[in-house]
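Take a look at the structure below.
The values are calculated or read from the model by the stated rules, or taken from the named source; none is laboratory data. Because the structure is a prediction, the values reported are computed rather than measured. In this analysis, Cβ positions are derived from the backbone assuming ideal geometry, glycine residues included, and neighbour counts consider all displayed protein chains.
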Amino acid sequence: MALTAYETKPVYPPELEAAASPTAAAAEYIYSEALDDKYKDNSARPYLPKSFRDNDMTLRFKKLHPSFMAEVSRVDLRTVHDEPTLQALRTAMTDFGVLVFHDQHFSYDEQIEFAQRMDGTLHSKTSSSVLSKNRFGNEALTDISNVGQDGNILEAADRRRMNGISNRIWHTDASFEEPAGRYSMLYARNIPPVRADTEFADMRAAYDALGADTKAIIEDLHAYHSIVYSRHTMGFDFSPEESAKLPGATHPLVRKFADSNRKSLYLASHAAHITEWPVPEGRLLLKDLIEHATRREFLYSHEWSLGDLVIWDNRTTMHRARPFDDKAYKRELTRVTTLDLPLAMSQP
Ligand code: OGA
Ligand code: MN
């Protein structure tokens with residue numbers, strides 16, 4: 001079955017750039033004293049203190065899409081412990097929504113520890129955790145793979161596989177939790193010899209592109225998010241006992257962020273209905289908004305290389321896995337997701 005026809009990139013409308021964060025709209029954005037002059041028209045903010053900028057490690061962010069997504073220059077995230085660098089990465093997350101790092105070398109613990117340094121408290125009440133025990137002995141390290149405990153490819157009808165391939169519908173991680181997920185950090189440990197991308201949608205650009213009338217209608221609405229609902233739409237049902245562990249949560253449909261001063265649509269496939277509206281009416285609105293937000297110009301597809309770490313902000317993006325022949329090839333990634341809680345004031 002040829003499932004993986006990757007389309008070429010669309011021609012992006014210029015208003016998409018205009019809508020992006022000022023720094024994300026700049027062609028390339030570089031944190032370095034020496035290059036500041038050259039790039040002064042980029043409005044690159046002085047994220048890093050002088051002492052840091054003076055050493056070798058300069059973080060560069062290369063934009064991958066007109067409105068979001070950036071590739072970060074060479075940095076070994078295991079060595080990033082200092083608050084200024086972590087803060088620079090958080091600011092870049094605010095600007096770009098998704099960051100791609102290549103050539104990482106995380107053990108399981110190192111991946112978890114980096115996620116905690118970067119963004120605090122980890123999500124562990126995952127859908128996989130109600131189905132089986134975690135392969136790595138830690139529910140905060142989600143097994144995003146098609147293999148079981150024995151390291152073999154899961155059988156076609158295995159419930160873990162059915163749950164896992166449901167990542168191929170547009171979603172945003174842990175939106176069915178309270179607090180919901182903030183950053184997800186997905187690390188490629190074993191990739192197949194065929195493309196098996198992860199695709200992202202920019203929900204801030206999608207919000208910006210809505211008409212004023214729609215913005216006014218949706219401004220104060222809330223959506224109820226449930227993974228029991230979204231898996232049911234895929235024909236996968238949790239048992240009553242499993243479902244009881246995944247009660248769902250209600251969140252604003254439009255989220256406002258003080259750091260970027262922007263708004264985002266917050267919905268995707270776990271969003272079951274609008275709490276203020278009758279169910280069918282709200283569900284239709286959600287479907288329309290998802291259709292709008294997944295117009296080609298809001299999308300970027302990440303093609304994985306071994307050792308890539310991709311960090312996305314679940315509050316400002318949606319994502320989905322793209323299909324590949326998962327009965328023939330292994331694909332093994334591990335994911336850590338943080339919860340949308342205030343960061344404890346970290347050390348100076
Ligand atoms: C996830 C996810 C997509 C993929 O890890 O949350 O949705 O491509 N992954 O594996
Ligand atoms: Mn996901």
#### Entry: Residue check, H302 within 13 Å of ligand 1 (Cβ to nearest atom) and surrounded by fewer than 23 Cβ atoms within 10 Å (Cβ to Cβ)
yes
## Note on the structure
The correct count of residues that are part of a strand (DSSP E or B) and surrounded by fewer than 19 Cβ atoms within 10 Å (Cβ to Cβ) in the range 187-221 is 3
### Query
If you go through the range 310-321, how many residues are buried (at least 24 other Cβ atoms within 10 Å of the Cβ) and away from ligand 2 (no atom under 13 Å from the Cβ)?
1
### Scan of the range 274-304 for residues that are small (G, A, S) and more than 27 Å from E17 (Cα to Cα), ordered by number
G282
### Query
So E155 clears everything in (1) without any contact (Cβ under 8 Å) to a residue 60 or more places away in the chain; (2) out of contact with any Lys or Arg (no Cβ under 9 Å at 6 or more places or on another chain); (3) closer than 27 Å to S243 by Cα except one condition, right? Which one?
(2)
### Query
If we keep just the residues of the range 241-283 that are assigned to a loop (DSSP other than H, G, I, E, B) and hydrophobic (A, V, I, L, M, F, W, C), which is nearest to R320 (Cα to Cα)?
A268
### Message
Can you tell me which residue is modelled with the lowest pLDDT among those in the range 129-172 that are among the polar types (S, T, N, Q) and touching an Asp or Glu at 6+ places or on another chain (Cβ under 6 Å)?
### Response
S129
### Extreme residue, modelled with the highest pLDDT, among residues of the range 328-348 that are surrounded by fewer than 16 Cβ atoms within 10 Å (Cβ to Cβ) and under 25 Å from Q87 (Cβ atoms)
L341
### Task
Kindly indicate whether any position in the range 144-165 is of a type outside the set (D, E), touching a His at 6+ places or on another chain (Cβ under 9 Å) and near ligand 2 (Cβ under 10 Å from one of its atoms).
no
### Message
Looking at the range 83-93, can you tell me whether even one residue there is of a type in the set (A, V, I, L, M), assigned to a loop (DSSP other than H, G, I, E, B), over 28 Å from A249 (Cα atoms) and more than 15 Å from the chain's Cα centre (by Cα)?
### Response
no
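Residues are listed down the side, and each one gets a yes or a no for (1) within 15 Å of ligand 1 (Cβ to nearest atom); (2) over 17 Å from the mean Cα position of the chain (by Cα); (3) among the charged types (D, E, K, R); (4) within 18 Å of G235 (Cβ to Cβ):
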| site | (1), (2), (3), (4) |
| --- | --- |
| G137 | no, yes, no, no |
| D143 | yes, no, yes, no |
| R160 | yes, yes, yes, yes |
| G164 | yes, no, no, yes |
| D173 | yes, no, yes, no |
| A188 | yes, no, no, no |
### Task
Hey, can you tell me all the residues within the range 322-343 that are away from ligand 2 (no atom under 13 Å from the Cβ) and closer than 19 Å to H102 by Cβ?
R331, E332
### Query
Considering the range 190-222 alone, what residues qualify as being more than 10 Å from ligand 1 (Cβ to nearest atom), in contact with a strand residue (DSSP E or B) (Cβ under 7 Å, 6 or more places away or on another chain) and not aromatic (F, W, Y)?
N190, A201, D202, M203, R204, A206, I218, E219, L221, H222
### Query
Just one of the numbered conditions (1) among the charged types (D, E, K, R); (2) part of a loop (DSSP other than H, G, I, E, B); (3) more than 12 Å from ligand 2 (Cβ to nearest atom) is not true of D173; which one?
(3)
### Output for the range 247-261, where each listed residue is surrounded by 15 or more Cβ atoms within 10 Å (Cβ to Cβ) and modelled with pLDDT under 95
S260
### Message
For D325, only one of the following conditions fails: (1) modelled with pLDDT of 95 or more; (2) closer than 26 Å to L265 by Cβ; (3) away from ligand 1 (no atom under 13 Å from the Cβ). What is its number?
### Response
(2)
### Query
Does R78 satisfy being surrounded by fewer than 16 Cβ atoms within 10 Å (Cβ to Cβ) and assigned to a helix (DSSP H, G or I)?
yes
### Query
Just wondering, is there one or more residues in the range 87-100 that are in contact with a Lys or Arg (Cβ under 8 Å, 6 or more places away or on another chain), within 16 Å of ligand 2 (Cβ to nearest atom), at pLDDT 90 or above and of a type outside the set (D, E)?
yes
### Query
What number goes with the only condition from (1) in a helix (DSSP H, G or I); (2) in contact with a Leu (Cβ under 8 Å, 6 or more places away or on another chain) that S166 does not pass?
(2)
